[in-house]
Amino acid sequence: MNLNESEVYTSEETQQLLKISDSTFRRLIKRGVLRAAKIGGQYRVLGREILRILSPSLPGKVRQVYKKVLEELK
């Protein structure tokens, strides 16, 4: 799947791209690491948000929160 920064992705597509579970997806949204809009009861995520998460130049605080979320999953 190609990632386009101006495209809108469903929660399932976002989970596939980030290779995370539904619970991790929701946790990232709740903690503000991933910004998403809830439309009609379903989350939608802009491609640029996914790219921001995948970027190696993430701001330090976001990276720390993401690592903490991953540690909690272990």
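Measure nothing but the geometry: give the 0 to 90° angle between the long axis through the Cα atoms of 60-73 and the longest principal axis through the Cα atoms of the chain, rounded to 10°.
It is inclined by approximately 90 degrees.
Residue by residue through the stretch 21-36, which ³J(HN,Hα) values in whole Hz follow from phi under the Karplus form 6.51 cos²θ - 1.76 cosθ + 1.60 (θ = phi - 60°), with glycine and proline marked x?
Per residue, the Karplus-derived 3J(HN,Hα) values read 7, 4, 5, 5, 4, 5, 5, 5, 5, 4, 7, x, 6, 10, 8, 9 Hz.
Could you tell me which label, among [x] 1.04; [y] 1.18; [z] 1.13, carries the value of Cα Rg over 2.2 N^0.38 Å calculated for this structure?
So the structure-derived entry is [x].
Values quoted throughout were computed directly from the atomic coordinates according to the rules given, and no laboratory measurement underlies them. Please read all numbers here as calculations on a predicted model, not as lab measurements.
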